[in-house]
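Worksheet for the structure shown next.
Quick note: the coordinates plus some simple rules give every number you see, no bench work behind them. Here the structure is a predicted model, which means the values were calculated and not measured. Using ideal geometry, Cβ is built from the backbone for each residue, glycine included, and neighbour counts are taken over all protein chains shown.
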Amino acid sequence: MTDDEKYLFDLTGYLVLENVLTADEVVTLNEGIDHHGDEIEPIDRSLAGDSKALAGTSRRLGLGGMLAWEQPWCEPWRELLIDPRVKPYLNEILGENYRLDHGPGLIAMDKGCEGGTLHGGGVERKSFSEAYFFKAGRIYTGLTVVEYLLADEGPGDGGVAVIPGSHKANLYCPMSMKNWEQHQNHVVEVNAKAGDAVIFTETLTHGTLPWTADHQRRAVLYKFSPGFQSYGSGAHEVSYPDYIEEMSEEQRVVMEAPHIRR
Ligand SMILES: O=C(O)CCC(=O)C(=O)O
């Protein structure tokens, strides 16, 4: 992580890393999703709340469980736990020995799909599990999102959106802004290409704008925490057969339950 990237991440709460995945990796990950297409389901509740600006004609689609998929489909997802292009960033902001908190999870949206209320924000996230602070020359983040784009998110398409700098906000974000009904000029639609990754602190106020593009939105979210900390329920549920047994030593470290690591 360069000094410029540290400055920008501290200033805005997010970074876009270009070309993290190769075109072949994007194809392989998308093929895995297509292969498990019958497991993709619309989520069980609307995420747009009562916002007219975020409303849509369908709900977001979701898919999880990729780490436990059968061989060879699971492998590219397991590799992303220790992605050498992303790991230096996580080591810097989460500390070495970061762990997978939850995920990966797919967000898929078809044209017309509703958005999701903006949430997060420095003052709204009181739990230490979502802390953001700077101390002794270092950034410290709690829950941190690595969002891999498997389809382009171009200008006006919708998708992931953030309020830059809001991870340090001292006042509550107005509901009309969380609903994307007012102050839209301060809500940044993050534009990036398939293969890029967006890293953001969950403390940043973020959400989803309605999807307007003809192609399906596909973004995959891995959420990481410092090794000693958990936002989710802690230890990962491992069903039989124990898929963690199949993982490399480096991958298993990321799957460990929260504890102080020396
Ligand atoms: O990528 C998106 O649509 C935003 C995801 C989101 O809101 C979240 O992970 O909490």
| said: Please compute the Kirkwood hydrodynamic radius over the chain, one decimal place, Å, based on all pairs of different Cα atoms. | reply: 18.7
| said: Please list 3J(HN,Hα) in residue order for the range 52-59, calculated via the Karplus relation 6.51 cos²θ - 1.76 cosθ + 1.60 where θ = phi - 60°; whole Hz, with x for glycine and proline. | reply: 6, 6, 9, 5, x, 9, 8, 9
| query | Spin-label point model (7 Å from Cα, Cβ direction): what's the Ala53 to Glu31 distance in nm? | reply | 4.2
| query | By how many nm would the segment from Glu181 to Lys193 grow when fully extended, if each residue of separation counts as 0.36 nm and the alpha-carbon distance is taken off? | reply | 1.7 nm
| task | Could you go through the range 246-262 in sequence order and give the Karplus-derived ³J(HN,Hα) for each residue, using 6.51 cos²θ - 1.76 cosθ + 1.60 with θ = phi - 60°, rounded to whole Hz, and x for Gly and Pro? | result | 7, 7, 6, 4, 5, 5, 5, 4, 6, 8, 5, 5, x, 6, 6, 10, 10
| task | For Glu92 and Arg261, calculate 0.36 nm times their separation in residues minus their Cα-Cα distance, and state this gained length in nm to one decimal. | result | 59.3 nm
| remark: Rg from C-alpha atoms of the range 172-216, normalised by the globular rule of thumb 2.2 N^0.38 Å, equals 1.33
| task | Please give the net charge around Ile244, taking every other residue with its beta carbon less than 13 angstrom from that of Ile244, where Lys and Arg add +1 and Asp and Glu add -1. | result | -4
| task | List the trypsin sites (Lys or Arg not before Pro) within the range 67-131 that fall in a DSSP loop (any state other than H, G, I, E or B) and whose Cβ has at most 12 other Cβ atoms within 10 Å. | result | Arg85, Lys126
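Fewest Cβ neighbours within 10 Å first, please rank Ile244, Ile199 accordingly.
With the fewest neighbours first, Ile244, Ile199 line up as Ile244, Ile199.
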| task | Quantify how much of the Cα-Cα distance distribution of the range 125-262 extends past 23 Å, in percent. | result | 48
| message | Using the basic label-point model (7 angstrom from Cα toward the beta carbon), what is the Val123 to Thr22 distance in nanometres? | response | 4.9
| query | What is the distance, in nm, between label points placed 7 Å from the Cα along the Cα-to-Cβ direction at Asp38 and at Asp242? | reply | 3.0
| field | Hull-based mean projected area of the range 1-122, where the convex hull spans the alpha carbons, in square nanometres | value | 9.8
| query | Hey, with R₀ at 30 Å, roughly what FRET efficiency would Arg252 and Ala136 work out to, going by the Cβ-Cβ distance, to 0.05? | reply | 0.50
| Which cross-chain or sequence-distant (5 or more) residues have an amide H under 5 Å from the amide H of Arg99, H modelled 1.01 Å from N in plane? | Ser225, Gly227
| task | Taking the Cα centre of the chain as origin, sum charge times position over the Cβ atoms of Lys and Arg (+1) and Asp and Glu (-1), and report the length of that vector in debye to the nearest 20. | result | 1220
| message | Using each residue's phi in the range 148-155, evaluate 6.51 cos²θ - 1.76 cosθ + 1.60 at θ = phi - 60° and report the 3J(HN,Hα) Karplus result to the nearest Hz, with x for Gly and Pro. | response | 8, 8, 9, 8, 4, 10, x, x
| field | Sparse-neighbour loop sites [GluC sites (Glu not before Pro); the range 67-166; at most 14 other C-beta within 10 Å; DSSP] | value | Glu70, Glu96
| request: Quick one: dipole size for the range 1-85, taken about the Cα centre, charges +1 on Lys/Arg Cβ and -1 on Asp/Glu Cβ, in debye to the nearest 20. | output: 480
